[in-house]
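Structure first, then comments.
The values are calculated or read from the model by the stated rules, or taken from the named source; none is laboratory data. No experiment lies behind these values; they were computed from the predicted model shown. Reconstructed Cβ throughout: ideal geometry from the backbone, glycine too, with neighbour counts over all protein chains shown.
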Amino acid sequence: MKAAFFLLIAALSWPLSAAEALPELGDPSQTVLSLQQERLLGESIMRQIRVAKEYDDDPELNDYINGLGYKLVAASPNAGQSFEFFLIDDPIINAFALPGGYVGVFTGLIVLSQSESELAGVLAHEIGHVTQHHIARLFQKQQQAGIASLAAMALALLAARSSPDLASAAMAGAQYATVQTQLNFTRDNEREADRIGVQTLEKAGFDPRAMPLFLERMQRAYRVYDDTAPSYVRTHPLTYERIADVESRVDALPYRQVPDSLAYRLVKARLQVQQFPPRDAVAHFEDILKEKKTVNEPAARYGLVLALMRVKDFQRARQEADTLLAEVPDSAMVAGLVGRARVAAGDLPGALKLYADAAQRFPFQRALTIDYAQALLDAKRPREVLELVGATLQVIRSEPRLYRLQAKAFAALGQQLQAYRAQAEAYVLIGSIPAAIEQLQIGLKSGDGDYYQLSSAEARLRQLRQMDAESRKQR
């Protein structure tokens, strides 16, 4: 159902074509939507994206892309709103921004990148679109519409952009033609996002020269994909003018050689493992380590451990993981992998000891929290799960697996209302509001919970019923 997913994200892809100019670039006071309205609109679209099978919810990959994104946001001018970065599991080379600070990155873009600065350049560009409110301004002629109507319009246009043949099904012809002209980034938008991106890269400590280098590589890749890429990729090509403009911006900057982070190299290895059949992946990384084909031996060993886990050679995976931990003792991704290898090899106590130490050194890492919480559940220590997950949910509220783990811990303690409430929140995050309503209804009939818990659950149920009613009106 790949086409069904692309109908959601095509129109806001990067890069986009020129369209009629929109005024007041970069002036937040002139945007139609408030920051809160932008966030509500973005979340409405995200609920649809999260249920698509191409949505990649791998916690370690998302920890990395959000860590990189937050580093750039901190260095970006006018970054006065929250952001959330997420991954799309697809070889297409692209990224896109949504209203409210949501930025999507295709795994194919990470694979194509040859340095972390190149990847950071794409994110910095998308951050520029968000902080300059380009996306919100695209809706300025629809300012009388409510958030639900804007979200429905956006999704319909995303469908039409992915496949022009779907346009009539998404929106009546005249209305579609009128609105589509408003949903293209202008040349000025693109130039401004590039300018902000270059500034952000330099301030964040990355190499700004990586930005035009990656644009050139994308241009070559699009030529290769020209006959097979989705229509939105083929109809929004990169231009020599844009590349030249970015090159002129970085020419005057001092040369800076920036080494890639270990996390970037591990993420690349993780994605490479997924590109091979399991046993071929084992052979691939064994060959790299044997022949010393890379100076980055830890990343190759990381890939080997993952591949060994896929073929269920857990004892050898455990041995290689311990070797990796000795080589790289200060990595959250490595600690998480070693913990999983120990659990798979039957060493739950050893995994718990490692996780306890890692949780102190790398707090609020969603991958570590998920793995640690599951190990604590396996060890029948649900109260510690609630403490661990509860602290993480104060920082990371968009991870449904955290709520599922919380629900299991509450259930293990016999707290049925709280268990159903947590499961309901997990359903909300994956876009299944009716299922969330059902969970709360069951929870409220369970016969437990104090006055505060019951009042809170009833208020949340009313809120979800209102959300569901508004959603049904748009169908």
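Points worth noting:
- Failed item, numbered, when Y403 is tested on (1) farther than 20 Å from S446 by Cα; (2) crowded, with 17+ Cβ neighbours inside 10 Å; (3) not polar (S, T, N, Q): (1)
- Q441 in a helix (DSSP H, G or I), crowded, with 20+ Cβ neighbours inside 10 Å and not hydroxyl-bearing (S, T, Y): no
- If the condition is being free of Cβ contacts under 8 Å to residues at least 60 places away in the same chain and within 26 Å of S34 (Cα to Cα), then the stretch 88-109 contributes V103, V105.
- With respect to the conditions (1) within 13 Å of S398 (Cβ to Cβ); (2) surrounded by 17 or more Cβ atoms within 10 Å (Cβ to Cβ); (3) among the polar types (S, T, N, Q), T107 lacks only one, and its number is (1).
Listed here are the residues, each with its yes/no results for (1) aliphatic (A, V, I, L, M); (2) out of contact with any helix residue (DSSP H, G or I) (no Cβ under 7 Å at 6 or more places or on another chain); (3) at pLDDT 50 or above.
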position: F106; (1), (2), (3): no, yes, yes
position: L119; (1), (2), (3): yes, no, yes
position: F139; (1), (2), (3): no, no, yes
position: Q144; (1), (2), (3): no, yes, no
position: L158; (1), (2), (3): yes, no, no
position: D165; (1), (2), (3): no, yes, no
position: N184; (1), (2), (3): no, yes, yes
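- Residues in the stretch 110-127 that are surrounded by fewer than 24 Cβ atoms within 10 Å (Cβ to Cβ) and touching an Asp or Glu at 6+ places or on another chain (Cβ under 7 Å): S115, E116.
- With a requirement of 3 or more residues that are closer than 26 Å to A326 by Cα and over 19 Å from the mean Cα position of the chain (by Cα), the helices (runs of 4 or more DSSP H) lying completely within the stretch 342-415 that satisfy it span 348-361, 366-378.
- Residues satisfying the stated conditions in the stretch 305-322, i.e. more than 11 Å from A341 (Cβ to Cβ) and either within 25 Å of the chain's Cα centre (by Cα) or surrounded by 15 or more Cβ atoms within 10 Å (Cβ to Cβ) (or both): A307, R310
- Residue match in the stretch 372-380 (condition: within 20 Å of E84 (Cβ to Cβ) and touching a residue at least 12 places away in the same chain (Cβ under 8 Å)): no
- Applying the condition of being out of contact with any strand residue (DSSP E or B) (no Cβ under 8 Å at 6 or more places or on another chain) and part of a loop (DSSP other than H, G, I, E, B) to the stretch 58-91 and asking which residue is modelled with the highest pLDDT yields S76.
- The set of residues in the stretch 186-235 that are under 17 Å from L112 (Cα atoms), of a type in the set (D, E, K, R) and either modelled with pLDDT under 90 or not assigned by TED's automatic domain parsing to the domain that holds E116 (or both) comprises E216, R217, R220, R223, D226.
- A single member of V32, V51 is assigned by TED's automatic domain parsing to the domain that holds V198, surrounded by fewer than 17 Cβ atoms within 10 Å (Cβ to Cβ) and modelled with pLDDT under 80, and it is V51.
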